[in-house]
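Undergrad: Here's a structure for you.
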Amino acid sequence: MKVIEPHIHMIARTTQDYERMARMHTVACCEPAFWAGYDRTSARAFHDYFTHITKFEPTRAAQYQIQHYAWICINPKEADDLALAREVIAFIPEFLDKPTVLGIGEIGLNRNTKNEMTVFQEQVELALARNELIWIHTPHLKDKLRGTRMMIDYLKGRGGVDPERVCFDHAEEHTLGMIRDAGFWAAMTIYPITKNSPGRVVDALEIWGIDRMLVDASGDWGPSDPGTLHDAIFEMRRRGHPEARIETVFYNNPCYFLGQCPKFKPAPLLPREQAWSGAARTRDSA
Amino acid sequence: MPKGDTPPVLPSPLSARELLDMHFLDMRSALLETAAAWDRIERAAGADQVAADPRLANLRAALEIIARGRGDRAARILTALSDPPL
Ligand SMILES: [Zn+2]
């Protein structure tokens, strides 16, 4: 079974992680632009970072037969400085044109501040003007519920946003309902301590169904492991789910969402109506 | 919001008994870790100063939800530990 990792920060990982992922049948991974663990000191530092994730990482991944894709944006943790954010936004289009860039992300909120919201909105406008896919970071811990609600309300209120082309990441039990009710894609991030676990992710798939659902492992510079994505595959197997359903969650679904960008090459094994039939709850009956 | 009132889209292929057998030791261990860490905090210098820390109150509320809840426990704990929506 082939696997796609929809969200991982390979800049923070060793080459050995690519090797492990390849051995676990990961064929593609996506790297959304995010915080580096420290605040960057200038717009040029972002330019270097975007160059790294659009040039060096695809080359490094290719050595292990893994296709590396990226999302570009100014991330919410560094979005409170409006002047810096706008300086960065000015050169984002240059990177959106790169052959491995799938869209704008991971934009979103961190502490739910006014400036973060302004930068979120300005990048949504950039995405819509260029018809780009959008990948959204939802805040952590006690800020997640409010921040997720703020962004959904904004996108619905604005109008003209196709929810099929937007994915809310780091969803948990208390935010999945609002994301799915609004028709957006939801991604669940397995991340020890602060986000989600393999057991809870499989619970959510059972409760809500597998349509418009993604799972990612979010390896980064914190305690995390790309292998947790494969732990979730094992959890779904040991809980008795059929192989075709597991393959849809971990391979076909990323193809359905990411494949809306013509640059994304992996193809699903079957049409999504067929993959989701009997294993999804349509929105009207939710 | 929480979905405890509606049946799951994908019923668990395993029975309740099989799931209990699978998960019991992990559940037991997670509760013991919480109990032991709480005791450790109370034994340490300055325990009085953290007794009213809202994080411990949050944990107490979460334990109530675990003990008394039915369905939606995880969603209700996360909601209880969240800033309220604006
Ligand atoms: Zn991320």
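The values are calculated or read from the model by the stated rules, or taken from the named source; none is laboratory data. Nothing here was measured: the structure is a model prediction, and the numbers come from that model. Reconstructed Cβ throughout: ideal geometry from the backbone, glycine too, with neighbour counts over all protein chains shown.
Undergrad: Out of (1) facing another protein chain (nearest Cβ under 9 Å); (2) within 15 Å of the chain's Cα centre (by Cα), the odd one out for residue A:210 is which?
TA: Of (1) facing another protein chain (nearest Cβ under 9 Å); (2) within 15 Å of the chain's Cα centre (by Cα), only one is false for residue A:210: (2).
Undergrad: I'd like to verify a number: residues in the range A:167-200 that are of a type in the set (A, V, I, L, M) and more than 16 Å from the ligand (Cβ to nearest atom), how many? It would help to see each step written out before you state the result.
TA: Restricting attention to the range A:167-200, the residues satisfying the condition of being of a type in the set (A, V, I, L, M) are A:171, A:176, A:178-179, A:182, A:186-188, A:190, A:193.
Applying the additional criterion that residues be more than 16 Å from the ligand (Cβ to nearest atom) yields A:176, A:178-179, A:182.
Final tally of qualifying residues: 4.
Undergrad: Could we say that residue A:249 is crowded, with 22+ Cβ neighbours inside 10 Å, β-branched (Val, Ile, Thr) and within 13 Å of chain B (Cβ to nearest Cβ) here?
TA: Yes, satisfied.
Undergrad: Still on this structure, I have one more. For a quick check of your reading of the model, give me the residue pairs whose first member lies in the range A:1-29 and is free of Cβ contacts under 8 Å to residues at least 12 places away in the same chain, whose second is of a type in the set (Phe, Trp, Tyr), with beta-carbon atoms closer than 9 Å and at least 6 apart or on different chains.
TA: Short answer, once both residue conditions are applied: A:23/A:64.
Undergrad: Taking the range A:216-240 as the search range and keeping residues that are among the acidic types (Asp, Glu) and within 13 Å of the ligand (Cβ to nearest atom), which one is nearest to residue A:30 (Cα to Cα)?
TA: Step by step, filter the range A:216-240, then rank; the result is A:216.
Undergrad: Which residues, counting only those in the range A:187-202, are within 13 Å of chain B (Cβ to nearest Cβ) and in contact with a Phe, Trp or Tyr (Cβ under 8 Å, 6 or more places away or on another chain)?
TA: A:198
Undergrad: Right, something else. So which of A:69, A:154 ends up being at negative phi, modelled with pLDDT of 95 or more and not in a helix (DSSP H, G or I)?
TA: Answer to the selection: A:69.
Undergrad: Would you mind stating whether residue A:133 is farther than 30 Å from residue B:71 by Cα and in contact with a strand residue (DSSP E or B) (Cβ under 8 Å, 6 or more places away or on another chain)? Lay out the reasoning, then the answer.
TA: Values: farther than 30 Å from residue B:71 by Cα: yes; in contact with a strand residue (DSSP E or B) (Cβ under 8 Å, 6 or more places away or on another chain): yes.
Yes; evaluated as a whole, the condition is true for this residue.
Undergrad: Of everything in the range A:141-165, what is more than 11 Å from every other protein chain (Cβ to nearest Cβ) and within 16 Å of the ligand (Cβ to nearest atom)? Give them in sequence order.
TA: Within the range A:141-165, just A:151 meets the criteria.
Results for (1) within 12 Å of another protein chain (Cβ to nearest Cβ); (2) exposed (fewer than 15 other Cβ atoms within 10 Å of the Cβ); (3) among the hydrophobic types (A, V, I, L, M, F, W, C), shown as yes or no for each residue.
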{"site": "B:6", "(1), (2), (3)": "yes, yes, no"}
{"site": "B:26", "(1), (2), (3)": "yes, yes, no"}
{"site": "B:29", "(1), (2), (3)": "no, yes, no"}
{"site": "B:33", "(1), (2), (3)": "no, yes, no"}
{"site": "B:46", "(1), (2), (3)": "no, yes, no"}
{"site": "B:58", "(1), (2), (3)": "yes, yes, no"}
{"site": "B:77", "(1), (2), (3)": "yes, no, yes"}
{"site": "B:84", "(1), (2), (3)": "yes, yes, no"}
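The rows are residues; the columns are (1) within 16 Å of the ligand (Cβ to nearest atom); (2) assigned to a loop (DSSP other than H, G, I, E, B).
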residue: A:1; (1), (2): no, yes
residue: A:8; (1), (2): yes, yes
residue: A:11; (1), (2): yes, no
residue: A:18; (1), (2): no, no
residue: A:28; (1), (2): no, no
residue: A:31; (1), (2): yes, no
residue: A:38; (1), (2): yes, yes
residue: A:48; (1), (2): no, no
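Undergrad: Another question about this same structure. Answer yes or no as to whether residue A:116 is charged (D, E, K, R), surrounded by 24 or more Cβ atoms within 10 Å (Cβ to Cβ) and assigned to a helix (DSSP H, G or I).
TA: Working: charged (D, E, K, R): yes; surrounded by 24 or more Cβ atoms within 10 Å (Cβ to Cβ): yes; assigned to a helix (DSSP H, G or I): yes.
It is true that residue A:116 is charged (D, E, K, R), surrounded by 24 or more Cβ atoms within 10 Å (Cβ to Cβ) and assigned to a helix (DSSP H, G or I).
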